[in-house]
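A.B. asks: Below: one structure in structure tokens.
The values are calculated or read from the model by the stated rules, or taken from the named source; none is laboratory data. Bear in mind that the values here come from a model prediction, so they are computed numbers and not experimental data. Note that each Cβ is placed from the backbone with ideal geometry, even for glycine, and that neighbours are counted across all protein chains shown. Protein only, heavy atoms only, side chains kept; ligands, DNA and RNA dropped before computing areas. Shrake-Rupley method; radii C 1.70, N 1.55, O 1.52, S 1.80 Å.
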Amino acid sequence: MKSGSFYSKAARREAASAYLLMAPAILLFLVIGLFTVLFSIGLSFFHMGHGSLIANAKFAGLDNFKDFLLGDDQLLSESFWRALRNNLVICVSVVALVIPVSLLISVLLQNIARGVRLFRTLLLLPMVSSSVAIYYVWTGIYEPSGLLNRLLQAIGWKSAVAANGWLGELHTSLPAIIAVIVWGMIPGTMILYFAGLQTIDSHLYESADIDGASFGQKLLHITWPMLKPITVIAVIMSLNGAIQIFDPIWIMTKGGPAGSTEVVSVVIYQEAFVNMKGDLGRANAMGWTMFALTFVISLISMRTLKEKT
Amino acid sequence: MKKNVWAKRNMIVFVTAVLMLALTACGGGNEPGNTGTGASPGGSAAPKSDVTLTLWHWKVGFDPGLKAVADAYKKKTGITVETQVTTPDDAYTQKVTAAATANNLPDIYLYWSGPTNGAFDGRAMEWSAELDKDPAWKNSFYPSALSGTVIKQSQLDSYAKDKKASDWLKSRQIGQYYGIPIDVGSFYTIYGNAKLLQEAGVPLEAPPTVEQWLKDMDTVKAKTGVPGFVFSAKTFSVYENWMANFQDYMKNGPEEFTKFMNRESKMSDPAHLQVAKFIEDISRSGNLLKGAVSLDIDPSDQAFAQGKAAYTLGGTFTLSSLTALGMKPEDIVSFRVPAYEGSKEPDAKLPSFPLVQAIVTDNGPHKQEAIDFVKYLTSEEGMTLYAAGALDVPSVQLKNRDSLSPILQSMIGSIGSEANWYADNADTYNKVFGAEWNKFHEMKQKIILGSATAEEAAREFDKAAEAEKAKEQ
Amino acid sequence: MKRGYSAKMISYAILLLWSAICVYPLLWMIGASFKEPFEVFAGYALFPTGAWNWHTYVDVWDRMHFFRYFVNSVNVTFWTLVGINLFYTMAGFAFAKLRFPGSAFWFYIFLAMMFVPGITIMIPLYLTENELHLLNTHLGLILPLVNGSAPLAVFLFRNYFRSIPHEIYESVRLDGAGIFRTLFRIYIPLALPAMATITITNFLGSWNSLVLPMVMLNDAKLFTLPLAVLLLDSGVFRQWNVLMAGALISIVPVVLAFLFFQKYYIQGLSAGAIKS
């Protein structure tokens, strides 16, 4: 029974029920989320050094933004834009790799009869391990005499061996980091696809089989379209994760060598905590600029994906 | 069917929740982390007090030392001192910054050393009156410990030039202390693998010049195949602040060094080009361990301990790391970083500086007790307990070191007690943390990987220094 | 028939290869925890060449005061998950099924929260919690953790509820059930797979949360498990075997929970499949 005009009694009751249902979520947001967001947006317009009281922060207007966006602070601006380029490379690579691989693996899991539970547990393991320890393991794998180089030598591909380690060469460091990021993001995306795959009616597949559809055809014409909403959220989350990525890079390369793996979150972190002359207001300004960027990119992705019906 | 599942799930959830609440409500048992000092032993002689002081810090390794001092203090005065650790560094910084803003700081907190570091525009107590009241106490510190903590003209000058500095900072005065140093340390030390050196026939004493040292590295490589040097080329400031700045000071003397740090002299200048040339030399000659660019400090120490390089760079703390990594003290030689040929101050003594300071909150409820505790911590008795428990060099010159372990004694022995120009001018040599040096760090990595020359690196550095200089008022 | 067979073989091959890549780092960690400290990075073998040092685990277990920290972690994570599932099924249902002014606005607010930069949050959050006297409490951890998972939870629940045929809603309401009863009696049971998904996704985020507890808690009695692992790192020299052992000990409950929830997941799925 749909409600009638906007101000009808039923409509008002529906709205009241809706707000009652949303009350805990909204209340929580107002208490915990809103002040935090407003405060840190505000701080972007101030200068705040280490060991200063926030109450004594000096008003900066748009100075912080001009510093890294327009080059008023040459060194910071160079770092920022270079980091942004690295972030974009990571974003594109992550989305291009995580989505298809997650979907493929999830679909493959549907198709096999035995060992589903075992595989599923194994495949979710990257997510489970405590992040810090795992990144040290990967650092070891990438060392000059680490697992990756040894494997390459074992199969005879000597030219691919990185003499200074995969994290120590200028042109291999970013791909190596991207591999670790993708590896870590796939389990989370797989979980989303598991949930989505269950909502697809198996009758659809059965009738497609009767019509003689191949694996690829079923994937493209049934699975992919029906998983659209999941893909949308997966893409947005991957993009967001790729833009905000910090832990693997800080632990494995600290942005090196020579800034080849520096991303914006590292620049922000150094400005906020490492650099003794750092400005917390400027760090916040960079953070909120990234927020705006991520928002815009996500909107664009959502529109693009929705159009591709 | 659905309803049954739902009801059963309800029950499980409810029961678990009740158990959970019950368990968390239960206190007692082994209390980790906090000072678990029970009732003081002995009879009525032990003093009692209701006062509990809270001490915040971020160094997990120091906690045993601080707790030892707290325990001894409780026996003496009955006052409990609770240490609370927050790690890693950035979590600690955020916590202390937020607490300062909320006016919520604990009685005592540790912070990185520096004249107004962690003072939070007046939340920290000022110590010059206390220090003057007790000259014996004041004089027990290493001169460099205090000179690295007191406000000097150079600080006031840089606050005046900085548009971001707060009014409070700008109104500070010479001679003020906003914290008390609790330890000192030094860098500028080269450690050598005695076994490798002996095998190559290289003398174990300090080489007279950098040039000779490089020749020694070549000898080691020729005789044993092991590269000469390893250091963490991944971490900014290891090369720049642990050897390059001191070497430049030795080569050029105080005035020219100051000009260089103040961005008035260029690295492209022959007087300063060695900073970049050294990196180029050890990379081209194969004397730098391959992969140094991706080594953190710990892995770099490990590589040295495993005999993968003949020399490494470190500071006072490196010795304990190396022994923990399995090296025997008799297999380690150490000496101050060599000076370049023709240096103006080739015999400069190893400078030391304070690393961590204790700050008392100015408006804390137990300010006097906090002051007393800090004084006890930095007394002969307190510092002995602290140094042993934390394996850290105390900021106070201990009269009696006999109870300390040999390694600790050796670490303390390497600290010079006389003041020298370099140690007195921390503000100058700390300029090596400027943004133009970060640019150099990147160029250094490029030199190591062979995609830049020393001259190119020096040029990029000079450009960056220009840009930074333009920002000064 | 042949085609189907080789497709299965390829599937297994790919899955095995990928599983190997997923498992290797964890195996390395396990091996490292049984080695001596300087053996960890010395050689290339996955497992110790000499004797396996079991004593590390005993030592770490003692030093970690495991039980106390474990209970704390369970407490925080449990209530966080309860909060997330409760608050956002309610909100998701409202977004999915009810019409009301401001629905688009609030939906986008919740989504936008996902992009808020994490680095900027701690200090203002501390100030807020200071005013609310939530500092140094578990509730002070639970509330931000719940709020932080709003974006994904709201989106997923709304989507899931939308995918349930509207006829069910209409027939239940026609039978006279109010909105609340419809939600709690009918839709929530149907939403078990979605709830399991959200639970698994957020379990780790909450369990492994590091900086939030570190900054908000002072009392070591309240610390969670990951903090305990960090505190094992004495800083002077990193004992990798100890760190790995500690990390593994804190993972074990998570792995067990995973296995447990997988069972529920499948149970919920079969319950949900009846709907068609």
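A.B. asks: Of C:A7, C:G176, C:L27, which is farthest along the charge dipole of the protein assembly as shown in the positive direction, counting Lys and Arg as +1 and Asp and Glu as -1 at C-beta?
C.D. replies: Of the listed residues, the answer is C:G176.
A.B. asks: On to the next question. Roughly how much accessible area, to the nearest 100 Å², goes out of reach of solvent when B and C pair up, both sides summed, probe 1.4 Å?
C.D. replies: It comes to approximately 3900 Å² buried between B and C.
A.B. asks: OK, next. With all protein chains present and a 1.4 Å probe, how do A:H47, A:H221 order by accessible area, largest first?
C.D. replies: Ranked list, largest accessible area first: A:H221, A:H47.
A.B. asks: At 222 nm, what helix-only mean residue ellipticity would chain C give, in deg cm²/dmol to the nearest 500, using -39500 (n - 2.57) for each DSSP H run of four or more?
C.D. replies: Only helices count here, giving -23000 deg cm²/dmol.
A.B. asks: Something else about it: In Å², rounded to the nearest 100, what is the total accessible surface buried by chains B and A against each other with a 1.4 Å probe?
C.D. replies: Chains B and A together bury roughly 3000 Å² of accessible area.
A.B. asks: Further question on the same structure: Might you report the magnitude of the Cβ-based charge dipole of the protein assembly as shown about its Cα centre, with Lys and Arg at +1 and Asp and Glu at -1, to the nearest 20 debye?
C.D. replies: Charge dipole of the protein assembly as shown: 4640 debye, to the nearest 20.
A.B. asks: Okay, moving on. Please tell me the relative contact order of region B:331-473 in percent, rounded to the nearest whole number, where contacts are Cα pairs under 8 Å and at least six residues apart.
C.D. replies: Reported as a whole number, the value is 18 percent.
A.B. asks: Moving on to the next point. Would any residue of region C:200-229 have its amide N under 17 Å from a label point 7 Å out along Cα→Cβ of C:F67? List them or say none.
C.D. replies: C:221-223, C:225
A.B. asks: Net charge near B:K138: determine it from the other residues with C-beta under 10 Å of the C-beta of B:K138, scoring Lys and Arg +1 and Asp and Glu -1.
C.D. replies: Net local charge, B:K138 excluded: -2.
A.B. asks: Have a look at region B:371-473 and give its Rg and Dmax from the Cα atoms, expressed in angstrom.
C.D. replies: 21.1, 57
A.B. asks: Would you mind working out the magnitude of the charge dipole of chain B relative to its Cα centre, with +1 at each Lys and Arg C-beta and -1 at each Asp and Glu C-beta, to the nearest 20 Debye?
C.D. replies: Value, rounded to 20: 1580 debye.
A.B. asks: Once Lys and Arg get +1 and Asp and Glu get -1 on their Cβ, which of A:A15, A:A57, A:A96 lies farthest toward the positive end of the dipole of region A:7-128?
C.D. replies: Value computed over the given set: A:A15.
A.B. asks: Tilt of helix B:380-390 relative to the longest C-alpha principal axis of chain B, in degrees (0 to 90, nearest 10)?
C.D. replies: Rounded to the nearest ten degrees, it is 80.
A.B. asks: If one takes the longest principal axis of the Cα atoms in chain B, at what angle in degrees, from 0 to 90 and to the nearest 10, does the Cα axis of helix B:274-284 lie?
C.D. replies: With both axes taken from Cα atoms, the answer is about 80 degrees.
A.B. asks: Decide, for chain A, between rounded, prolate and oblate: order the square roots of the alpha carbon gyration tensor eigenvalues as a ≥ b ≥ c, take rounded if a/c falls under 1.5, and otherwise choose prolate if a/b is larger than b/c, else oblate.
C.D. replies: Oblate.
A.B. asks: Another question, if that's okay. Given a 1.4 Å probe, how much area per residue of region C:54-273 is accessible, in Å²?
C.D. replies: Ligands and nucleic acids excluded, the result is 36 Å² per residue.
A.B. asks: Counting each DSSP H run of 4 or more residues in chain B as -39500 (n - 2.57), what helix-only mean residue ellipticity at 222 nm follows after dividing by all residues, to the nearest 500 deg cm²/dmol?
C.D. replies: Mean residue ellipticity, 222 nm, calculated: -13500 deg cm²/dmol.
A.B. asks: Would you work out what percent of the accessible area of region A:219-293, with all protein chains in place, is carbon or sulfur (probe 1.4 Å)?
C.D. replies: Its accessible area is 69 percent carbon and sulfur atoms.
A.B. asks: Further question on the same structure: What does the charge count around C:V172 come to, taking other residues whose C-beta lies under 10 Å from its C-beta (Lys +1, Arg +1, Asp -1, Glu -1)?
C.D. replies: 0
A.B. asks: Something else about it: Helix C:66-97 versus the longest principal axis of chain C: what angle, 0 to 90°, nearest 10, using Cα atoms?
C.D. replies: 20 degrees
A.B. asks: Keeping all protein chains in place, calculate the accessible area per residue for chain B (probe 1.4 angstrom), answer in Å².
C.D. replies: 39 Å²
A.B. asks: Here's something else I'd like to know. Of C:H133, C:H55, C:P117, which is farthest on the positive side of the dipole of chain C, counting Cα position, with +1 on Lys and Arg Cβ, -1 on Asp and Glu Cβ, and the Cα centre as origin?
C.D. replies: Checked the options; the winner is C:P117.
A.B. asks: With both partners inside the protein assembly as shown, how many of the DSSP beta bridges are antiparallel, as a percent to the nearest 5?
C.D. replies: 70 percent
A.B. asks: For peptide A:255-263, compute the average count of partner chain beta-carbon atoms within 10 Å of each residue's beta-carbon.
C.D. replies: 5
A.B. asks: Once you charge only the Cβ atoms, +1 for Lys and Arg and -1 for Asp and Glu, what is the size of the charge dipole of region C:54-273 about its Cα centre, to the nearest 20 debye?
C.D. replies: Once rounded to the nearest 20, the dipole reads 480 debye.
A.B. asks: Below 24 Å, Cα to Cα, which lysines can A:K218 reach? Residues fewer than 8 away in the same chain don't count.
C.D. replies: A:K218 reaches A:K228, A:K306, A:K308, C:K2, C:K8, C:K275.
A.B. asks: Let me ask another. Counting only protein heavy atoms and rolling a 1.4 Å probe, how much accessible area do C and A lose on contact, total for both sides, in Å² to 100?
C.D. replies: Answer for the C-A pair: about 8000 Å² buried.
A.B. asks: When the accessible area of region C:42-126 is computed with all protein chains present and a 1.4 Å probe, what percentage of it is carbon and sulfur?
C.D. replies: Answer for region C:42-126: carbon and sulfur cover 70 percent of the accessible area.
A.B. asks: Relative to the isolated chain, which residues of region B:287-318 have their accessible area cut by 30 Å² or more in the presence of all protein chains (1.4 Å probe, heavy atoms, no ligands or nucleic acids)?
C.D. replies: Those residues are B:K290, B:G291, B:S294, B:D296, B:D298, B:Q302, B:Q306.
A.B. asks: How many Lys pairs in region B:148-264 lie less than 25 angstrom apart by Cα atoms, where the lysines are 8 or more positions apart or on different chains?
C.D. replies: Here the count comes out as 17.
A.B. asks: For region A:165-206, state which residues have at least 30 Å² less accessible area in the presence of all protein chains than in their chain by itself, taking the probe as 1.4 Å and leaving out ligands, DNA and RNA.
C.D. replies: Residues losing area: A:G168, A:L170, A:W183, A:I191, A:L192, A:A195, A:Q198, A:T199.
A.B. asks: To make sure I understand the rule: partners must be aspartates and glutamates, Cα under 14 Å from the Cα of A:K58, and not fewer than 8 residues away in the same chain. Which ones qualify?
C.D. replies: A:D279, B:D121, B:D162, B:D167
A.B. asks: May I ask for the equivalent-ellipsoid semi-axes of the protein assembly as shown, computed as the square root of five times each C-alpha gyration tensor eigenvalue and listed largest first in whole Å?
C.D. replies: 52, 35, 29
A.B. asks: Which whole-number value in Å² is the accessible area per residue of region A:62-307, probe 1.4 Å?
C.D. replies: Spelled out: the 1.4 Å probe surface of region A:62-307, per residue, equals 39 Å².
A.B. asks: Kirkwood Rh over Cα pairs of chain C into Stokes-Einstein at 20 °C, 1.002 mPa s: D in µm²/s?
C.D. replies: So the translational diffusion coefficient is about 97 µm²/s.
A.B. asks: Follow-up. Which residues, if any, in region B:57-92 lose at least 10 square angstrom of accessible heavy-atom surface (probe 1.4 Å) when the other protein chains sit next to their chain rather than the chain being alone?
C.D. replies: B:V60, B:G61, B:Q84, B:V85, B:T86, B:T87, B:P88, B:D90, B:A91
A.B. asks: Also: Calculate what fraction, in whole %, of the accessible area of region A:1-43 sits on carbon and sulfur atoms when a 1.4 Å probe is rolled over the protein chains.
C.D. replies: Ligands and nucleic acids excluded, carbon and sulfur reach 75 percent.
A.B. asks: Using square roots of five times the C-alpha gyration tensor eigenvalues, list the equivalent-ellipsoid semi-axes of region A:1-43 in whole Å, biggest first.
C.D. replies: Computed over region A:1-43, the values are 33, 11, 6 Å.
A.B. asks: Now for a separate question. Helices from chain A with mean Kyte-Doolittle at least 1.0 and a Cα length along the axis of 20 Å or more, per DSSP H: which?
C.D. replies: Passing helices, by number: A:74-111, A:173-198, A:228-244.
A.B. asks: For region A:141-293, what are Rg and Dmax over the alpha carbons, in angstrom?
C.D. replies: So, for region A:141-293, Rg and Dmax equal 21.4, 69 Å respectively.
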